[in-house]
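**Student:** First the structure, which I've put down as structure tokens, then a few questions once you've had a look.
The values are calculated or read from the model by the stated rules, or taken from the named source; none is laboratory data. What you see is a predicted model, and the numbers here were worked out from it, not measured in a lab. Glycine also receives a Cβ, built like all others from the backbone with ideal geometry; neighbour counts cover every protein chain displayed.
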């Protein structure tokens, strides 16, 4: 998985941090201080296709068959999240109670081509 | 660009400031949506810092930093949590009514989105008992009732006998009572505490010290009204 910088046009992970203080939400969100709102962007060349972890899968085998038979023109490869992690939050709800929860799949950790 | 038909491959190029503003708005919407909130809660009277810190220290011993923020779970714990259904832990502070030294009313407020159905996995009431006399320790019996519409129409939820020496926190499991409240669709949990032998005790610490304000902890899980499981 690549991290985006100015020289990369291929599929990569763009790191964005939203500080709760900067957006005026620190009064109701106790923790964490902000949200890593990473996202995936960039080009997926045909030969990059194949997300990590599916190399030996049924899907990869089908995809290889499609490429071998020249049917790839109908298949577009996308730059998508391949690994995510949850976001643990501690906040005040409308009744001023403290709520702790883990929101699954909120933070993108790696990107790859489908 | 260059991947026609690939909807996930990025956005049209925007000016830097506009792009940043758009991303912040998306982040806000995403967080509110995941927390099942229509809008950000309006905190009109924030919980005093001392109260908050006490509750968090009791719940997460060793995990509260000096600045009051909570050390979040380890990667392993995060993965375990991910494997389970999405759950919440709610801490609610009591509005207290203690006109009688040996009998006190406690009211807890809960907000609930319409249509959401909570399952209470565990619920515990935390109370602070402090001795004001010189006696080395005092034996007391505390009973927690779920208040009914009439004085006589109340349900015993928890009973405990213990010694009070100086001051100590005591916990009372009240899971079943809180579940009944949620099942009825009520937004308030009204409890009555009766304490035998509490004549010389300052029960419900909030009388003098805000950091001893009673609180209720509930571990809840959102139950889908119409869930379909596929195997």
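**Student:** Got at least one residue in the stretch A:68-75 being within 10 Å of chain B (Cβ to nearest Cβ), farther than 30 Å from residue B:94 by Cα and modelled with pLDDT of 90 or more? Step through it out loud before you land on a result.
**Tutor:** Here is the first cut: in the stretch A:68-75, the ones within 10 Å of chain B (Cβ to nearest Cβ) are A:74-75.
When the remaining residues are screened for being farther than 30 Å from residue B:94 by Cα, the result is A:74-75.
Those still in the list that are modelled with pLDDT of 90 or more too: none.
No, that holds for no residue.
**Student:** Taking residue B:79 and the conditions (1) at the interface with another protein chain (Cβ under 7 Å from one of its Cβ atoms); (2) at pLDDT below 75, which numbered condition does it fall short on, given that it satisfies the others?
**Tutor:** Here residue B:79 meets the rest and fails (1).
**Student:** Of all the residues that make up the stretch A:3-19, how many are in contact with a helix residue (DSSP H, G or I) (Cβ under 9 Å, 6 or more places away or on another chain) and at pLDDT 90 or above?
**Tutor:** Summing the residues that are in contact with a helix residue (DSSP H, G or I) (Cβ under 9 Å, 6 or more places away or on another chain) and at pLDDT 90 or above in the stretch A:3-19 gives 1.
**Student:** Here's a follow-up. Looking for whichever is closer than 26 Å to residue B:53 by Cα, in contact with a strand residue (DSSP E or B) (Cβ under 6 Å, 6 or more places away or on another chain) and at pLDDT 75 or above here; the options are B:106, B:146, B:157. Which one fits?
**Tutor:** Just one listed residue meets the conditions, B:106.
**Student:** A follow-up question, please. Residue B:99 passes all but one of (1) in a strand (DSSP E or B); (2) modelled with pLDDT under 75; (3) under 15 Å from residue B:188 (Cβ atoms); which number fails?
**Tutor:** With respect to (1) in a strand (DSSP E or B); (2) modelled with pLDDT under 75; (3) under 15 Å from residue B:188 (Cβ atoms), residue B:99 is out only on (3).
**Student:** Same structure again: Of all residues being in contact with a strand residue (DSSP E or B) (Cβ under 8 Å, 6 or more places away or on another chain) and more than 10 Å from chain B (Cβ to nearest Cβ) in the stretch A:37-64, which is modelled with the highest pLDDT? Just the residue, please. Can you show your working first?
**Tutor:** Residues of the stretch A:37-64 that are in contact with a strand residue (DSSP E or B) (Cβ under 8 Å, 6 or more places away or on another chain), as a first pass: A:37-45, A:48-53.
Next, only the ones that are more than 10 Å from chain B (Cβ to nearest Cβ) stay: A:38, A:48-53.
On the way: A:38: 90, A:48: 53, A:49: 52, A:50: 50, A:51: 46, A:52: 49, A:53: 47.
Once the filter is applied, the top-ranked residue is A:38.
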